[in-house]
1. Can you list the strands (runs of 3 or more DSSP E) found entirely within region 255-307 that contain at least 1 residues being more than 16 Å from the ligand (Cβ to nearest atom) and touching a residue at least 24 places away in the same chain (Cβ under 8 Å)?
2. When both residues are 6+ apart or on different chains and their Cβ atoms are under 9 Å apart, which pairs have a first residue that lies in region 117-132 and is closer than 19 Å to E166 by Cβ and open to solvent by 20 Å² or more (accessible area, probe 1.4 Å), and a second that is of a type in the set (K, R) and assigned to a strand (DSSP E or B)?
3. Count, please, the residues in region 225-255 that happen to be under 18 Å from T269 (Cβ atoms) and either surrounded by fewer than 16 Cβ atoms within 10 Å (Cβ to Cβ) or among the aromatic types (F, W, Y) (or both).
4. What about S65, is it polar (S, T, N, Q) and open to solvent by less than 10 Å² (accessible area, probe 1.4 Å)?
5. For region 183-205, name all the residues that are surrounded by 16 or more Cβ atoms within 10 Å (Cβ to Cβ), over 19 Å from the mean Cα position of the chain (by Cα) and closer than 23 Å to F51 by Cβ.
6. So F221 passes all but one of these: (1) touching a residue at least 40 places away in the same chain (Cβ under 8 Å); (2) in contact with a helix residue (DSSP H, G or I) (Cβ under 9 Å, 6 or more places away or on another chain); (3) within 24 Å of N259 (Cα to Cα). Which condition number does it fail?
7. Does region 206-219 contain any residue that is in a loop (DSSP other than H, G, I, E, B), open to solvent by less than 10 Å² (accessible area, probe 1.4 Å) and within 16 Å of the ligand (Cβ to nearest atom)?
8. Right, L180: among the aliphatic types (A, V, I, L, M), touching a Lys or Arg at 6+ places or on another chain (Cβ under 9 Å), farther than 16 Å from V275 by Cα and buried (at least 24 other Cβ atoms within 10 Å of the Cβ) or not?
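The values are calculated or read from the model by the stated rules, or taken from the named source; none is laboratory data. Given the structure is predicted, the values throughout are model-derived calculations rather than measurements. Neighbour counts are summed over all protein chains in view; Cβ atoms, including those assigned to glycine, are modelled from backbone coordinates with ideal geometry. Just so you know, the surface numbers come from the protein's heavy atoms only, side chains and all, with ligands and any DNA or RNA stripped out. Shrake-Rupley method; radii C 1.70, N 1.55, O 1.52, S 1.80 Å.
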Amino acid sequence: MPKIERSIFGMIKNTTVERFQLENDQGMSISLMTYGATLLEVVVPDKTGRFENVVLGCATLAEYSAHSPYFGATIGRVGGRIRQGKWLNTQLTQNEGEQHIHGGVNAVSHRVWEVLKSDVENLSVTLGVVSPAGDNGYPGNLEMTVTYQLYADNHFEIITTGITDEATLFNPTNHSYFNLSGDLKETISEHQLEIGASQVALMDDSKCPTGVLAPVANTAFDFQAGQTLKAFTKKEPQGLDTPFPLNEGADFAVRLTDNVSGRRMVIETDANAIVVFSTTGMNEPYLVNGTRPMVSELGIALEPQQLPDAIHHDHFGDIVLPEGRHKSYRSSYRFDTIKQKKLKE
Ligand code: BGC
């Protein structure tokens, strides 16, 4: 029987943070918490049927609030960077040099969300938060919800909605870092990454897009037929921290495969881009999942969203949420395993 287990994950500033674990008939489970509407764990079988966790997180709530690089968090109001934190006459918090990133300081990724619904029949949990007018400079009281829903066929969906009482910006994402080896046995260097993108957004030194969408053909950034992260970093040692505009009508946004465990994940989204962050060079003393220190390429963040800094580039998509209009984004994460065959490097 599908089930939902509800428990207490911790306390932050006298507020209780709850954890939900959703499990389907096949034994796949996802866990989330009300702090940051954060995805905590995704437990799926490898090719031998062994169930292990395939996302990065922290063991405790205190660690999430102290140093998590947005592990699994819901990012809002806007994911990625906004150049100089400027939107027309509005000045947003500049929390990374001159830029605004991930909604600012103590944004919704760092707040305790309310439980709106826990529905065992549909294996779904819906959380909600209100970002008040003026939050990090954004106009409008924005009501956000996030629904996590797990299906019997080993895929789950994240649906994020927003509605505001005054025009504002809305470009949310989920910031999960994946590692399909299972329980962080290996890094993701040998994972095979395919991206349904024939173009890449070029960026300047501030990591903001310049506005140019360049073809990936004949460059290291061509992931259309797949390559391992190791093969990519041989050509581009700094790794990926890169927005890819998705091809219209592509079968998937991203397909990530680990040949050793046999696990494969396919992400589909109705957002127009995926930001890929390979954590290359990210060596940190803190423990991930309470087991091992953060090392370069321990995980890969795959962030479905409208292209970053869209507000400054007309062809990047419209992220203005008008007053009273309901906006919703849906991303799906599907898991299966491959037969034992060697994938190309
Ligand atoms: C950004 C990275 C950043 C990371 C953690 C990613 O979405 O693209 O540049 O280091 O988030 O904040």
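1. Values: elements: 263-269, 273-277, 284-288, 292-294, 300-305.
Of the strands (runs of 3 or more DSSP E) lying wholly inside region 255-307, those with at least 1 residues that are more than 16 Å from the ligand (Cβ to nearest atom) and touching a residue at least 24 places away in the same chain (Cβ under 8 Å) span 263-269, 284-288, 292-294.
2. Once the first residue is closer than 19 Å to E166 by Cβ and open to solvent by 20 Å² or more (accessible area, probe 1.4 Å) and sits in region 117-132, no partner that is of a type in the set (K, R) and assigned to a strand (DSSP E or B) comes close enough.
3. Restricting attention to region 225-255, the residues satisfying the condition of being under 18 Å from T269 (Cβ atoms) are 240, 242-255.
Still in the running and either surrounded by fewer than 16 Cβ atoms within 10 Å (Cβ to Cβ) or among the aromatic types (F, W, Y) (or both): 244, 247-252.
Of the residues in that region, 7 qualify.
4. Details: polar (S, T, N, Q): yes; open to solvent by less than 10 Å² (accessible area, probe 1.4 Å): no.
No.
5. E186, E190
6. For F221, the failing item is (1).
7. The initial filter retains those residues of region 206-219 that are in a loop (DSSP other than H, G, I, E, B), namely 206-208, 216-219.
Remaining after also requiring open to solvent by less than 10 Å² (accessible area, probe 1.4 Å): 208, 216.
Filter once more, keeping what is within 16 Å of the ligand (Cβ to nearest atom): 208.
Within region 206-219, one or more residues are in a loop (DSSP other than H, G, I, E, B), open to solvent by less than 10 Å² (accessible area, probe 1.4 Å) and within 16 Å of the ligand (Cβ to nearest atom).
8. Working: among the aliphatic types (A, V, I, L, M): yes; touching a Lys or Arg at 6+ places or on another chain (Cβ under 9 Å): yes; farther than 16 Å from V275 by Cα: yes; buried (at least 24 other Cβ atoms within 10 Å of the Cβ): yes.
Taking the combined requirement at face value, the residue satisfies it.
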